[in-house]
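Chemist: Before anything else, here's the structure in question.
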Amino acid sequence: MKISLTDIVMQYPGTRALDAVSANFRTDEVHGLIGENGAGKSTLMSVLSGSQRPTSGQISLNGRELALRSPRDAMLNGIALVSQEGSLVSSLSGAENIMLGEEPRHAGSVIRRNHLNQQAAKLLETWFPGIGIDLGAQVGSLPMADQKVIEIVRALRGDVRLLILDEPTATLPSREKERLWSIIRSLPQRGVGVVLISHFLSEIFALSNRITVLRDGRHVGTLNASDVSEDHLVDLMLRRTGGQTSDEQVTTRDALGTEVLAVTNWRVGRIAIPAFTLRAGEIVGLIGLTGSGHFGFARSLHNPAGVLSGTIAINGKPASLGGPRDMQRSGIALVPDHRMENALIGEWDLRENLSMVHPEHGSRGLGILSMTKENAETARIFKLLNVKAHSPRQLLSSLSGGNKQKISIGKWLYGARDRYRVMVFIEPTEGVDIGAKKEIYAEMRRLAATGMGIIIASSDLLEIEQVTDRVIPFVAGKPGAEITRNDFSEAAFIAAMSGGSQ
Amino acid sequence: MTVSGTVQQNDDRIFGVIRKEWIQKYSTLVALVLIFLVFSITVNRFLTPLNLLNIMQQISMLTIVGAGLTFGFAAREMDLSVGYTVGLAGILVPLLLTWGVPLPIAVLGGLGAGLVVGAVNAALVTLVGVPSLIATLAVGSIIFGINYLVTGGRAIYGSLPAEYLWLGQGRVFGIPVLAFFMFGCVAVAWFIMERTIFGRYVYAVGGNQKAAELSGVNVRLYRAAAMVVCSLFAVIAGTLLAARLGSGQPNAGENYLLDGLATVFIGMTMLRPGTATILGTLLGALFIGIINNGLNLMGMDTYIQSIVKGIIILVAVAIVSRTTKLKLL
């Protein structure tokens with residue numbers, strides 16, 4: 001049996017999430033689906049599982065065209081999705097979860113508990129003989145791997161021929177992974193094909209027969225797992241198509257200033273950084289595949305709540321680890337990713353948003369705000385960052401992505417431009433148009449020139465290449481050998497991110 | 001998936017948005033004016049200077065309670081104990097006065113009680129981590145019990161000083177003293193919310209807690225402070241209420257919870273839709289006051305008033321929930 005997707009297009013306002021993607025999946029294989037965040041994996045799978053209808057394109061089963069209007073439609077055609085977050089009711093037992101919505105009932109509406117337990121046990125035994133999961137226990141109390149198995153069994157309840165697993169091991173401790181792997185491997189032998197989405201390339205290699213790579217909503221290749229190397233895959237995932245080149249180069253400064261940041265023996269979750277330093281005037285890029293720890297490290301510098309151990313010195317002075325407030329006082333600022341969740345308030349006007357970090361600069365004292373001072377300060381930021389807005393009282397939500405990001409940066413420059421010693425940017429130009437990107441890069445350079453140290457954690461390699469002085473690649477939670485400006489190239493970045501050293 | 005780029009905007013769309021915003025902002029105000037006009041025309045004795053002053057007097061305590069609740073709502077915290085807190089001050093202050101405690105000290109005692117209630121609420125919410133809806137419900141029950149234990153369920157009468165009664169019953173240039181208190185409290189609350197860093201941070205905590213935290217705002221402190229302010233306004237209202245009634249009644253504050261919430265919800269439908277604002281709450285109190293007064297003059301049963309009020313609250317909350325992303329829990 002073969003399920004084919006042909007020329008699937010998914011058009012959202014302003015962006016094309018899938019651009020004529022074609023792929024086919026078989027019931028006798030595990031098919032790895034990979035790509036960076038935003039490449040279109042989840043969108044493609046939501047089309048295949050019936051939860052989204054594509055703008056155009058066909059889905060066919062053994063050559064017969066399917067119209068999947070809902071997840072139920074997909075299910076009736078033998079396609080089921082097990083999502084990343086999980087969909088179990090943690091207060092119910094494993095058996096109850098497996099039979100959820102199809103509980104055997106007495107004539108009335110009373111559930112036949114014995115039947116339910118028997119049927120669930122039988123399903124589990126049929127699919128995974130001898131697995132030994134306690135179906136009577138509350139699901140919430142079971143190991144994560146067992147919970148995944150229960151979800152998979154529930155998905156297999158109907159006549160399922162193709163099972164989509166979205167990051168099935170993302171929440172699993174490593175010792176439980178192996179178990180789930182053997183279960184996933186066994187499915188094609190039972191006539192159930194698997195589409196596996198995973199950020200872990202090792203997992204993709206260990207399980208898949210074929211691998212499909214998406215990038216920027218396009219299909220860039222389907223390969224046999226046996227004749228492709230990990231480096232080659234990473235290359236496919238990341239290499240940008242021709243046309244774009246880095247047009248602006250940073251003038252390398254030979255005289256860097258004093259050390260503004262020194263971190264030693266830093267451990268956050270799985271991330272471990274033996275030593276990291278940043279000098280005044282320097283712009284350092286952190287790169288890595290999703291989940292490799294570069295974002296986590298960047299975030300932990302401003303909000304060390306999850307830091308297990310480590311010391312940090314800012315401007316030569318050791319700082320104690322506290323919350324964001326303490327780190328700010330010590331001189332670290334953060335311009336986070338997902339600005340609408342982490343940095344801004346959509347219903348507020350621009351003046352209020354800009355004042356969030358340092359409202360005292362719009363005050364004449366005693367904590368009383370002066371509208372005149374606030375407006376003047378807001379106007380200054382507008383001019384400094386070239387924010388396109390007609391009034392300080394305009395609602396933030398009315399701005400474009402680029403202008404919103406400028407407000408997110410402007411918050412830290414409100415009142416004084418050189419208050420911070422270190423500024424950390426995470427995905428600084430996500431959803432930002434080209435023009436605003438250039439302005440943001442220019443401001444980063446100007447800030448560095450004032451003696452600030454700047455860290456950029458980004459998945460945009462072009463950005464990293466254009467703006468930074470040196471780059472630290474992260475692989476599996478650890479920083480690799482640093483790459484200096486002279487050795488910058490996309491190939492070098494990609495090789496470093498995949499951990500390859502050839 | 002990052003969604004970038006702007007949606008094409010033509011003039012039609014922009015005007016559509018403006019019209020929608022305008023309707024959102026001012027429809028409640030229009031309704032208020034309409035109700036006022038209808039009562040003026042149909043109800044005898046409604047549109048007289050005496051009655052209008054009367055309305056002002058009637059809504060003053062409600063407005064003060066509502067102003068306090070507005071702080072809580074701004075920080076996205078609910079206080080269900082306000083009604084009993086009003087009652088607590090309404091008992092404590094007269095009780096102290098009958099013991100011969102001087103008026104200023106008795107009033108400070110009432111404020112102190114508010115501080116304690118607010119601190120307990122705040123500690124439960126920010127330190128223990130109980131959702132404010134539940135914490136204040138439980139605290140309210142405790143205060144209710146205390147109110148009845150202390151008074152034995154009876155009103156506190158007796159020799160209340162004339163200056164105290166003047167606060168609730170007196171007039172200056174024909175205007176009730178209570179109205180001065182109301183406008184004073186509203187002015188102070190407005191100033192704090194709109195013109196101080198404190199107010200800005202209270203709004204920030206309620207507007208986007210994550211963003212506030214990552215901007216270095218002490219989220220816990222401002223959530224706690226908003227709850228304390230809420231209790232303080234409630235005891236001010238309670239102190240004035242007993243002065244107006246001329247006695248301390250254990251059950252006197254109980255209506256103020258629902259009515260107080262109603263003023264805030266109605267206020268949230270206008271000015272800055274979805275956000276609790278002091279001026280919105282003032283208008284909300286006016287709304288409730290006019291309806292109560294008009295129905296009273298029409299000779300409507302208080303039970304019918306209760307039904308009308310329930311419907312108004314539902315409509316207001318429905319408007320707020322549908323047009324904005326109202327989240328209280």
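The values are calculated or read from the model by the stated rules, or taken from the named source; none is laboratory data. For clarity, every value in this text was computed on a predicted model and none was experimentally measured. Heads up, the Cβs are rebuilt from the backbone with ideal geometry, glycines too, and the neighbour counts pull from every protein chain shown. Remember, those area values only see protein heavy atoms, side chains included, never the ligands or the DNA or RNA. Shrake-Rupley method; radii C 1.70, N 1.55, O 1.52, S 1.80 Å.
Chemist: Using a simple charge model, +1 on the beta-carbon of Lys and Arg, -1 on the beta-carbon of Asp and Glu, nothing else, what dipole does the protein assembly as shown show about its Cα centre, in debye to the nearest 20? Don't skip to the end; give the middle numbers.
Modeler: Numbers: 74 positive and 64 negative charges, 272 e Å.
Approximately 1300 debye in magnitude.
Chemist: Across the range B:211-226, in residue order, what do the Karplus-derived ³J(HN,Hα) couplings come to in whole Hz, using 6.51 cos²θ - 1.76 cosθ + 1.60 with θ = phi - 60° and x for Gly and Pro?
Modeler: 5, 4, 4, 6, 9, x, 7, 6, 4, 4, 4, 6, 5, 4, 4, 4
Chemist: To the nearest 100 Å², how much accessible surface do chains B and A cover up together, summed over both, with a 1.4 Å probe?
Modeler: 2700
Chemist: On to the next question. From the C-alpha gyration tensor of the range A:254-322, pull out the three semi-axes of the equivalent ellipsoid (sqrt of 5λ each), sorted largest to smallest, in whole Å.
Modeler: Square roots of five times the eigenvalues give 20, 16, 9 Å.
Chemist: Restricting to bridges with both residues inside chain A, how much of the DSSP beta-bridge set is antiparallel, in percent to the nearest 5?
Modeler: Percent antiparallel among DSSP bridges in chain A is about 60.
Chemist: Here is a follow-up. Separation of the range A:271-301 and the range A:347-390 by C-alpha centroid, Å?
Modeler: If we compute the Cα centre of each part, the gap is 31 Å.
Chemist: When the Cα centres of the range A:83-141 and the range A:162-177 are compared, how far apart do they sit, in Å?
Modeler: A separation of 20 Å, based on Cα centres.
Chemist: Could you compute Rg(Cα) / (2.2 N^0.38 Å) for chain B, with N its residue count?
Modeler: Compactness ratio reported: 1.04.
Chemist: Ignoring everything but the protein chains, give the 1.4 Å probe accessible area of A:MET340 in square angstrom, nearest 10.
Modeler: Taking all protein chains as shown, A:MET340 has close to 80 Å².
Chemist: For the protein assembly as shown, what is the accessible area per residue in Å² when the probe is 1.4 Å?
Modeler: Working: 35650 Å² over 831 residues.
Normalised by residue count, the accessible surface of the protein assembly as shown is 43 Å².
Chemist: What figure, in Å² to the nearest 10, do you get for the accessible area of A:HIS106 with a 1.4 Å probe and non-protein molecules left out?
Modeler: That residue has around 90 Å² of solvent-accessible surface.
Chemist: Can you give me the % of accessible surface on the protein assembly as shown that is carbon or sulfur? Probe 1.4 Å, all protein chains present, nothing else counted.
Modeler: 57
Chemist: Which percentage, to the nearest 5, of the DSSP beta bridges contained in the range A:259-497 is antiparallel?
Modeler: 55
Chemist: Which loop GluC sites (Glu not before Pro) in the range A:81-127, with loop taken from DSSP, have no more than 14 other Cβ atoms within 10 angstrom of their Cβ?
Modeler: Passing both the DSSP loop test and the Cβ count: A:GLU85, A:GLU102.
Chemist: Can you find, among B:LEU245, B:VAL317, B:VAL130, the residue farthest towards the positive end of the dipole of chain B? Put +1 on the C-beta of Lys and Arg, -1 on that of Asp and Glu.
Modeler: B:VAL317
Chemist: Given the alpha-carbon gyration tensor of the range A:87-142, what are the semi-axes of its equivalent ellipsoid in whole angstrom, ordered largest first, with each equal to the square root of 5 times an eigenvalue? Spell out each step's value before the answer.
Modeler: Numbers: eigenvalues 73, 41, 14 Å².
So the three semi-axes of the range A:87-142 are 19, 14, 8 Å.
Chemist: So what is the diffusion coefficient of the range A:259-497 in µm² per second by Stokes-Einstein at 25 °C and 0.890 mPa s, using a Kirkwood Rh over Cα pairs? Display every interim value, and only then the final one.
Modeler: On the way: Rh = 18.2 Å.
Rounded, D is 135 µm²/s.
Chemist: I would also like to ask the following. Residues of the range A:298-328 that become at least 50 Å² less accessible with every protein chain present than in their own chain isolated, using 1.4 Å: which are they?
Modeler: A:ARG325
Chemist: Let me ask something additional. Students often get this wrong, so check it: of A:LYS383/B:LYS210; A:LYS383/A:LYS404; A:LYS438/B:LYS210, which have C-alpha atoms separated by over 20 Å?
Modeler: A:LYS383/B:LYS210; A:LYS438/B:LYS210
Chemist: Determine the calculated [θ] at 222 nm for chain B from helices alone, applying -39500 (n - 2.57) to every DSSP H run no shorter than 4 residues and normalising by the residue count; nearest 500 deg cm²/dmol. Please list the in-between numbers first.
Modeler: Working: 13 runs with 241 residues, N = 329.
Helices in chain B give a 222 nm mean residue ellipticity of -25000 deg cm²/dmol.
Chemist: Moving on to the next point. Taking only Cα atoms, what is the 0 to 90° angle, nearest 10, from helix B:49-74's long axis to the longest principal axis of chain B?
Modeler: Value to nearest ten degrees: 60.
Chemist: Here's a follow-up. How about the range B:101-194: which chymotrypsin sites (Phe, Trp or Tyr not before Pro) there lie in a loop by DSSP and see at most 10 other Cβ atoms within 10 Å?
Modeler: Taking the range B:101-194 and a limit of 10 other Cβ atoms within 10 Å, the loop chymotrypsin sites (Phe, Trp or Tyr not before Pro) found are B:PHE173.
Chemist: Taking the alpha-carbon set of the range A:363-502, what are its Rg and Dmax in Å?
Modeler: According to the Cα coordinates of the range A:363-502, Rg and Dmax are 18.0, 62 Å.
Chemist: For n ≥ 4 DSSP H runs only, could you compute -39500 (n - 2.57) per run for chain A, divide by its residues and tell me the 222 nm figure to the nearest 500?
Modeler: My calculation for chain A gives -9000 deg cm²/dmol from helical runs alone.
Chemist: Here is a follow-up. Please work out the Kirkwood hydrodynamic radius for the protein assembly as shown, using every pair of different C-alpha atoms, and report it in angstroms with one decimal place.
Modeler: Evaluated on the protein assembly as shown, it is 30.9 Å.
Chemist: Using alpha-carbon positions, what is the distance between the centroids of the range A:407-465 and the range B:254-329, in Å?
Modeler: Here the two parts' Cα centres lie 46 Å apart.
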